[in-house]
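Worksheet: the structure to be examined is printed underneath.
Read-outs: derived from the displayed coordinates by stated rules, not from any lab. Worth saying up front: this structure is predicted, and the values here are computed from it rather than measured. Note that each Cβ is placed from the backbone with ideal geometry, even for glycine, and that neighbours are counted across all protein chains shown.
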Amino acid sequence: MSRDIWVISDTHFRHSNILKFTDRHTKKLVRPGFSDVDEMDEYMIQQWNSVVKEGDIVYHLGDVLIGDIEWFKKNWPRLKGSKRLIVGNHDDIKFLSSGGFFKKIGMWRMFTEFGLILSHVPLHTSNLLRLLDKTKIYPDDAIELLNVHGHIHQHKSPDGPYKNVSVEAINYTPVNIEQLRII
C-alpha cells in the first residue's frame, strides 16, 4: 500500500469569528460562503477526506483549532491520515501535545529529498539554502529550498521560493507533497 504525504495549514476549526474577518485591502470576507462555523468545519473535513487515505501522512502547518476543545476531541479522529503538527502562533501546544492528536510535533520540517522546508510562517530567505557540500561554510553549490508555509491565509506568499498552503489559498483541501516538490 503506497502512502502519500499531504500539507495543509490554518484550519482554525471552531473559530466562528474568522467568518466575519475581512481583507483590509479588498474589504472582502476572508472565508466567504459559509453560513456558520459548523458548515465551515464540515466542509474542511469533507475536503480533507476527499484526498487523504487512512495510511497517508498529513502535515498540518499550524493554527489547527481556535475554540471548542470538546468538539475537537470528538471530530479530529474523523480526519483521515497520520497527522503531524508544525506549531502555529494560535496553537495550544500543551493541549494538542497531550491528547495523542499528532504523531509528531515540531517547529519546522525539512524534506531535503523534495527540496522543501515546512513552517507555519514564511521563513527569512537566509534560512532557505540547503548546503550540498556540508564541509563548506558558504558553498557555491547551495540550492534554495521551497518554503511551504501557512499563516498568511488568503494573501499571496512573498516573492521568492514560497508556497502558501493556508486553507483559503488551497480550496480547503490538503496539497500532495509531490505537487510541491522542486527536486
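Which residue, W48, H153, G67, has the largest displacement toward the positive end of the dipole of segment 5-180 when charges sit on each Cβ (Lys, Arg +1; Asp, Glu -1)?
Among W48, H153, G67, the one farthest towards the positive end of the dipole of segment 5-180 is G67.
Quick one: what do you get for the chain if you divide its Cα Rg by 2.2 N^0.38 Å?
Here the answer is 1.06, to two decimals.
Of the cross-linked pairs K27/K74; K103/K156; K104/K156, which ones have a Cα-Cα span greater than 32 Å in the structure shown?
K27/K74
For F111, what residues show an amide H to amide H distance below 5 Å, using hydrogens built from the backbone and excluding near sequence neighbours?
It is L116, I117, L118, by chain and number.
With a cut-off of 8 Å between alpha carbons and a minimum separation of six or more residues, what is the relative contact order of the chain in percent?
Relative contact order for the chain comes out at 25 percent.
Can you list residues whose amide H is under 5 Å from Y59's amide H, if they're 5+ apart or on another chain and H is modeled 1.01 Å from N?
Amide H neighbours of Y59: W6, V7, I8, R84.
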